[in-house]
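The next block holds one structure in the form of structure tokens; read it before the comments.
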Amino acid sequence: VSLFPFRCTDCQPGTTSNEIALTCVACPVAKFSLIIGSPLCQDCDISQREYTDGPGSTQCRTCGE
């Protein structure tokens, strides 16, 4: 029997679950998640001039020249 029967395993892109996997939370600024159920938000590569438009992003964008 699971201690957490309502685990959030299918968080939508742009989100991930908190430490005990009970709720989905938006990825913070400068991070993203692309797939459903992502266990972590990935970092944008600042050295490559990548950024996000805000929390809950599904991809990084690149600054223009």
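The set of residues in the range 26-65 that are surrounded by 15 or more Cβ atoms within 10 Å (Cβ to Cβ) and among the hydrophobic types (A, V, I, L, M, F, W, C) comprises 26, 27, 30, 32, 41, 44, 60. Under the condition of being touching a residue at least 12 places away in the same chain (Cβ under 8 Å), open to solvent by 30 Å² or more (accessible area, probe 1.4 Å) and part of a loop (DSSP other than H, G, I, E, B), the residues counted in the range 12-25 number 5.
The values are calculated or read from the model by the stated rules, or taken from the named source; none is laboratory data. A quick note: this is a predicted structure, and the numbers were derived from the prediction, not measured. Here the Cβ is made from the backbone with ideal geometry for all residues, glycine too, and neighbour counts use every protein chain on show. For the accessible areas, the whole protein counts, side chains as well, though only heavy atoms, and no ligand, DNA or RNA atoms are used. Shrake-Rupley method; radii C 1.70, N 1.55, O 1.52, S 1.80 Å.
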